[in-house]
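Laboratory data are not the source of any read-out in this text; all were calculated from the coordinates shown. The model shown is predicted, which means the values in this text are computed figures rather than measured ones. Because the Cβ atoms are built from the backbone with ideal geometry, glycine has one as well, and the counts that use them run over all protein chains shown.
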Amino acid sequence: MANPHARQSERKYSVRLARATDIPQVIAIDTENTALPKAEYWEDLFERYNSRPTELDDDTQPKSVKRYRFFLVACDGDTVLGFIIGEVRAWEFGSPPCGWIFAIGVRAGTRQGGVGHILLEALNERFRKAGVNKVRTMLARDDTLIMSFFRSQGMMAGPFIQLEKDL
Ligand SMILES: CC(C)(COP(=O)(O)OP(=O)(O)OC[C@H]1O[C@@H](n2cnc3c(N)ncnc32)[C@H](O)[C@@H]1OP(=O)(O)O)[C@@H](O)C(=O)NCCC(=O)NCCS
């Protein structure tokens, strides 16, 4: 009999490229996490990131086809447990190509079960296959949950600082 207390990472679920049919669940998870519904934003991201059906590790694709943008979901059957979005960017701010993580979210009832870790590892694996050996992200200083998560995954303060002013 399955252990109901098993970590999600020990249970059966898969990480794959997000599909159009996943987006309503992504929107629902993000709305629950941030209390700020932004359906248009997620639909636009999906359009830009995953609407072309290529996959870096898909052997049916010509080797010259490289995918640099990834919108991934962790699923248990048709249920989306979490998502992560990132892309490889080159030479911005003088930086050699590296992976950037823009967003991560795990369904509230599924947290602290390893889903965030599995999503990050899946994205990092795709970054490695795209040829980069560094991953970066940005987060709000007072977001201790996201900070704890990324620190637990081995991420540390980098060499850049962010500047801004009111316009
Ligand atoms: C951050 C987040 C993605 C983590 O997902 P998760 O599936 O719970 O993470 P994991 O179970 O893989 O946890 C990995 C590690 O992160 C750290 N961590 C996770 N949740 C934590 C918490 N509530 N407090 C402290 N550390 C925590 C732990 O070190 C954990 O390792 P451990 O289980 O061995 O202790 C999830 O909490 C989330 O979606 N939060 C809201 C995100 C959000 O608001 N996004 C909008 C801005 S991008």
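Between M147 and D78, the modelled label-to-label distance comes to 4.1 nm, taking each label 7 Å out from Cα in the direction of the beta carbon. Hull volume per residue, based on the alpha-carbon atoms of the range 9-152 and their convex hull, is 130 Å³. Each residue of the range 154-163 is assigned a 3J(HN,Hα), and the resulting list reads x, 7, 10, 4, x, x, 9, 10, 9, 10 Hz, derived from the Karplus form 6.51 cos²θ - 1.76 cosθ + 1.60 (θ = phi - 60°), x at Gly and Pro.
Label the range 69-167 by shape, choosing from rounded, prolate and oblate, from the square roots a ≥ b ≥ c of the eigenvalues of the Cα gyration tensor; if a/c is under 1.5 it is rounded, and otherwise prolate applies when a/b is larger than b/c, oblate when it is not. In terms of gyration-tensor shape, oblate. Each residue of the range 29-44 was assigned a 3J(HN,Hα) from its phi angle through the Karplus curve 6.51 cos²θ - 1.76 cosθ + 1.60 (θ = phi - 60°); the sequence is 5, 5, 5, 5, 6, 10, 6, 9, x, 8, 4, 4, 4, 5, 5, 5 Hz, with glycine and proline shown as x.
Simple spin-label estimate for F102 and A140 gives 1.9 nm between the two label positions (7 Å along the Cα-to-Cβ direction from each Cα).
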